[in-house]
Amino acid sequence: MNTTEFDGISHAEGLCDKEFIGKAISYLYRYGQIYIGKKIEPYGIGSGQFPFLMRLYREDGINQESLSDYLKIDKGTTARAIQKLVDEGYVFRQRDEKDRRSYRVFLTEKGKKLEPDMKKIASEWGEILFSSFDDRQRREITNSLEIMFENGLKIM
């Protein structure tokens, strides 16, 4: 498959930009999940737990519901991902003092020690994606994706 071909149809063959962009984003997401999954497998966690850890590195002790909202992941999936991280000893849950019905999620020492490795994996994936681009192109792509993200948020 060449780099601009999805389901046997290349961008140059007439797949409209909107279709191409959607497919490209979908494929890149899946490739990222596979790459990250392979890299973090030795830690006993899957790619589904990776975004939760990355968010906790920015905001340790976040309310579980807020974590779910931030990542745009349903509460059931969030609960399962957090439980997997609890089982592996990377995080613990604690009742929220202000709202006794909810939980806050905290990194354990074991989870905190993983931070450099997890950030390195995320960085490596980004470098793989941007490896053929110069600085100007990287900025343009990043700016374009930010605009697309903001546009997507408008319908939420």
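The values are calculated or read from the model by the stated rules, or taken from the named source; none is laboratory data. Everything quoted here is computed from the prediction, not taken from an experiment. All Cβ positions, glycine included, derive from the backbone under ideal geometry; neighbour counts span all protein chains shown.
Worth a mention:
- Whichever residue in segment 38-66 is of a type in the set (Asp, Glu) and farther than 12 Å from PHE106 by Cβ and, among such residues, is modelled with the lowest pLDDT: GLU65
- Checking LEU85 against (1) within 16 Å of the chain's Cα centre (by Cα); (2) of a type outside the set (S, T, N, Q); (3) modelled with pLDDT under 95, the condition it does not meet: (3)
- Among (1) in a helix (DSSP H, G or I); (2) closer than 22 Å to PHE50 by Cβ; (3) of a type outside the set (S, T, N, Q), the one test that GLU140 misses: (2)
- Any chance VAL86 is closer than 27 Å to TYR35 by Cβ and in a strand (DSSP E or B): no
- In segment 56-91, residue farthest from SER102 (Cα to Cα) [restricted to those that are of a type in the set (Asp, Glu) and without any contact (Cβ under 8 Å) to a residue 24 or more places away in the chain]: ASP87
- Residue within segment 110-118 that is at pLDDT 95 or above, in a loop (DSSP other than H, G, I, E, B), out of contact with any His (no Cβ under 9 Å at 6 or more places or on another chain) and within 16 Å of LEU53 (Cα to Cα) present: yes
- Those residues of segment 105-124 which are surrounded by 12 or more Cβ atoms within 10 Å (Cβ to Cβ) and more than 28 Å from ARG93 (Cβ to Cβ), in sequence order: GLU124
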